[in-house]
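Here, each number is a calculation from the coordinates, and none is a lab measurement. All figures in this text were calculated on a predicted structure; none of them were measured in a lab. When we count neighbours, we look across all protein chains shown, and the Cβ atoms used for this are built from the backbone with ideal geometry, even at glycine.
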There are 2 protein chains.
Amino acid sequence: MRHRLKDVAERAGVSVKTVSNVVNGYQHVRADTRARVEAAIAELNYRPNLSARNLRKGRTGVIALAVPELDIPYFAELARHVVSAAAGHGWTVLIDQTGGGPEQERKAASGIGDHMIDGLIFSPLALTADDLAGLDGMPMVLLGERVDHGPADHVVVDNVAAAREITAHLVGLGRRRIAAIGSQRTPEGASARLRLAGYTAALADAGIAYDDRLVAPAPAWHRADGAAAMRHLLSTGVRPDAVFCFNDTLALGALRALHEAGLRVPDDVAVAGFDDIEDGRFSIPTLSTVAPDKERIARLAVELLANRLTSDPDAPPRELVAPHRLALRESAPQG
Amino acid sequence: MRHRLKDVAERAGVSVKTVSNVVNGYQHVRADTRARVEAAIAELNYRPNLSARNLRKGRTGVIALAVPELDIPYFAELARHVVSAAAGHGWTVLIDQTGGGPEQERKAASGIGDHMIDGLIFSPLALTADDLAGLDGMPMVLLGERVDHGPADHVVVDNVAAAREITAHLVGLGRRRIAAIGSQRTPEGASARLRLAGYTAALADAGIAYDDRLVAPAPAWHRADGAAAMRHLLSTGVRPDAVFCFNDTLALGALRALHEAGLRVPDDVAVAGFDDIEDGRFSIPTLSTVAPDKERIARLAVELLANRLTSDPDAPPRELVAPHRLALRESAPQG
DNA sequence: CCTGGTTTGTACAACGTTGTAAGCAGCGAT
DNA sequence: ATCGCTGCTTACAACGTTGTACAAACCAGG
């Protein structure tokens with residue numbers, strides 16, 4: 001049995017609007033009236049119809065988080081933080097899994113239940129700035145690298161610097177034949193390009209020549225791709241003494257392939273990743289990695305969105321950089 | 001600029017309702033009228049206001065999936081399947097992270113944006129049947145073991161049989177001192193109780209005496225808990241030759257602890273898990289585990305919900321059992 | 001006891017959509 | 001021509017809520 005304001009009003013002997021005022025915490029309601037209304041609400045177990053409220057107010061209290069895949073640990077961890085941060089603003093988060101394809105992403109960006117969400121936090125893989133330009137004014141915050149200097153707010157980590165630091169760490173361990181896993185030539189590979197740039201910069205810093213044969217592409221960044229890429233590297237005979245994988249799942253796959261090849265980590269080959277997912281703290285060996293501050297990323301994204309929604313809808317787009325640090329563990333230990 | 005049916009109607013020179021009819025695929029609209037309306041829709045980039053539609057229809061097209069934690073791989077993988085299955089019914093999935101606490105779960109079950117979702121797929125940890133009985137008629141499907149024979153539809157795997165099979169497999173490897181990790185005495189530990197029952201049944205089948213000291217509790221089922229429990233087992237001097245962990249993350253933690261203790265898996269200690277998460281296919285060693293058919297679980301849950309929503313709202317609650325199989329890998333290999 | 005201001009409560013319309021009932025063509029059969 | 005039918009379109013009301021405008025009740029000060 002579902003009740004409406006009208007039912008509560010009749011029971012409490014007041015008008016519908018007075019009940020609405022009580023529900024919304026309007027100040028000028030006499031204490032005894034308020035008490036009577038609240039009693040009626042409790043008795044009927046009344047709860048407001050949000051569709052109606054949304055229709056009336058033009059706001060839904062829901063924001064969406066669109067990510068390529070939920071079972072990629074990085075996105076799952078990020079999702080958790082976004083949900084927490086959004087709760088602090090009284091928002092519910094609708095999580096949308098795009099799959100990463102351009103068509104689905106376009107749909108996600110433009111279509112997610114129109115008028116059903118107030119704003120969108122979007123981690124695109126395939127989307128271009130042009131795609132986004134076509135979206136008439138859905139408040140949006142982008143995560144990651146794909147669309148640089150686009151028309152929307154943006155939260156990033158300094159991929160180039162981070163990749164450069166972790167590669168420099170491998171250099172500091174005395175490694176010279178440092179491979180990279182995860183390069184991508186597709187337009188989607190913006191993160192890959194930036195991390196590759198950091199890698200090459202670190203090599204240049206150390207006066208190590210860039211060797212094309214040590215850079216292995218990976219179509220996606222899953223464990224299986226990392227394992228395949230590592231096997232490929234080993235099969236070509238260019239034996240690396242370290243590998244920088246462009247994310248942690250690639251690195252976990254690489255660990256597996258090295259294990260199968262009978263190579264010891266880090267003795268024979270040091271391994272480093274990127275993302276600092278939970279798995280890397282328990283893998284064998286534990287994983288050295290770049291640890292972006294996911295909690296901060298989530299909080300900044302939610303705050304940017306909040307700002308755009310509540311105070312300044314037409315502010316020029318901002319780009320915020322979230323901090324990162326190196327988490328050095330067994331696979332490439334502290335010098 | 002956001003447009004309404006009215007704007008489209010004016011542009012196309014028809015009534016509002018005719019536009020609505022076109023949008024909803026109503027049959028009796030003359031071809032040229034339809035074309036004119038569709039042109040106007042395209043020109044204005046009209047998209048319907050779902051809040052209004054929901055208000056009018058009493059349906060939102062959104063179902064919620066409530067899970068304890070998104071960054072537990074099992075739930076993330078499950079979420080992916082639920083999203084896919086729901087898409088097949090034209091539903092959007094709102095993913096709600098309860099945290100697993102009783103209070104939050106009660107709120108999730110009763111409160112998630114009232115009138116904002118048509119139904120709920122709920123994987124509770126702490127909720128009792130009594131809690132659920134109080135929910136006036138939100139269509140709901142439960143996953144997992146916590147609330148048996150409650151008032152709602154239910155999708156389960158046969159935990160007892162599955163635990164018994166995987167334990168029997170360890171017995172079949174010739175192991176006799178088989179430990180269990182993950183027992184819980186709290187009321188939340190329904191899955192733990194069932195898996196423990198399967199474990200003891202398998203021991204009884206093999207004529208092995210149950211040894212209390214081989215059963216290690218774990219407050220939660222994370223990697224860290226598994227590692228801690230394993231360390232505890234090793235420290236007590238009851239050296240097991242196999243371990244059945246009640247889920248995969250516990251098992252990954254146990255692998256880690258065994259590695260740190262210098263024990264070989266599976267030679268010294270065989271390890272088995274439960275859930276078949278992606279990590280277990282790439283860990284070192286790879287993980288033998290019970291593989292519940294997550295895709296099927298998700299599909300059954302969505303179908304139960306669909307049935308309740310569209311055809312038979314007052315049908316008696318049903319309980320469906322999803323199949324499982326053993327995935328035998330390096331940590332406890334095939335005979 | 002009136003005046004003027006504040007507090008408290010009400011009636012009505014509106015948000016954008018769809019279901020209902022009814023209107024109006026066009027057409028074949030009387 | 002007129003009748004009824006079918007096919008297409010329309011006006012109106014309603015979903016449950018809140019903003020606006022206003023009325024009623026109250027209070028203090030003259």
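Computed values, structure above
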read-out	value
Cα-centred dipole magnitude for the protein assembly as shown, charges only on beta-carbon of K, R (+1) and D, E (-1), debye, nearest 20	1200
Filtered chymotrypsin sites (Phe, Trp or Tyr not before Pro), region A:181-284: DSSP coil and at most 14 other beta carbons within 10 Å	A:Y210
Residue mean of other protein chain beta carbons inside 10 Å, B:255-262	2
Cut-off 9 Å between beta-carbons: net charge of the residues surrounding A:T289, Lys and Arg +1, Asp and Glu -1	-2
Average beta-carbon neighbours from other chains, 10 Å sphere, peptide B:43-53	5
Inter-probe distance in nm under a simple model that places probes 7 Å from Cα toward Cβ, at B:A204 and A:S15	7.0
Teacher prompt: A:A52 distances to equivalent labels in other copies, 7 Å Cα→Cβ, nm	1.8
Sparsely packed trypsin sites (Lys or Arg not before Pro) within region B:210-287, loop by DSSP, other Cβ within 10 Å at most 16	B:R264
Sequence-distant residues sharing a close amide H with A:I95 (under 5 Å, placed H)	A:L65, B:I95
Candidates B:P187, B:P68, B:P139: whichever shows maximal mean-square fluctuation once chain B is modelled as a Gaussian network with Cα springs under 10 Å	B:P187
Shielding by partners - mean other protein chain Cβ count within 10 Å, residues of A:242-254	1
Listed residue (A:L309, A:I208, B:S15) projecting farthest to the positive dipole end of the protein assembly as shown, Cβ model	B:S15
Alpha carbon convex hull of region B:1-72, volume per residue in cubic angstrom	144
Label point 7 Å beyond Cα along the C-beta direction, distances from B:D267 to other copies (nm, shortest first)	1.4
Cut-off under 5 Å, modelled amide H: who pairs with A:T286 long-range	A:E330, A:S331
Under 5 Å, built H, 5+ apart or other chain: amide partners of A:D153	A:M140, A:L142, A:R318
Net charge, B:A39 excluded, C-beta distance under 11 Å - Lys, Arg +1, Asp, Glu -1	0
222 nm mean residue ellipticity, helices alone, for chain A (DSSP H n ≥ 4; -39,500 (n - 2.57); rounded to 500)	-12500 deg cm²/dmol
Of every Cα-Cα pair in region B:165-267, the percent that sits beyond 21 Å	27
For B:R318, inter-copy label distances in nm, listed shortest first [label point 7 Å out on the Cα-Cβ vector]	5.2
Simple Cβ-charge dipole of chain A, Lys/Arg +1 and Asp/Glu -1, about Cα centre, in debye nearest 20	940
Relative contact order of chain A, defined on C-alpha pairs under 8 angstrom at six or more residues apart (%)	15
Cα gyration tensor, region B:218-335 - rounded (a/c under 1.5), prolate or oblate	prolate
Computed E for A:V238/B:E319 - FRET, C-beta separation, R0 60 angstrom, nearest 0.05	0.55
Spatial separation of Cα centroids for region A:266-323 and region B:171-192, in angstrom	37
Over region B:267-318, relative contact order from alpha-carbon pairs under 8 Å, at least 6 apart, %	25
For region B:248-307: Kirkwood Rh in Å [reciprocal of mean 1/r, alpha carbons]	12.9
Count of lysine pairs in the protein assembly as shown with Cα separation under 30 Å (8 or more residues apart, or interchain)	27
At R0 = 56 Å, FRET efficiency that the Cβ-Cβ distance of B:A161 and A:D268 yields, to 0.05	0.80
Gaussian network model of chain A, springs between alpha carbon atoms under 10 Å - residue of A:S20, A:S123, A:S51 with greatest fluctuation	A:S20
Convex hull volume per residue in cubic angstrom - Cα atoms of chain B	160
Distance between modelled label sites at B:N24 and B:K57, nm, 7 Å Cα→Cβ extension	0.8
For the protein assembly as shown, the fraction of alpha-carbon pairs in successive 10 Å shells from zero, as %	3, 14, 22, 23, 19, 11, 6, 2, 0
GNM result for chain B, Cα springs below 10 Å: residue of B:A220, B:A161, B:A52 fluctuating most strongly	B:A52
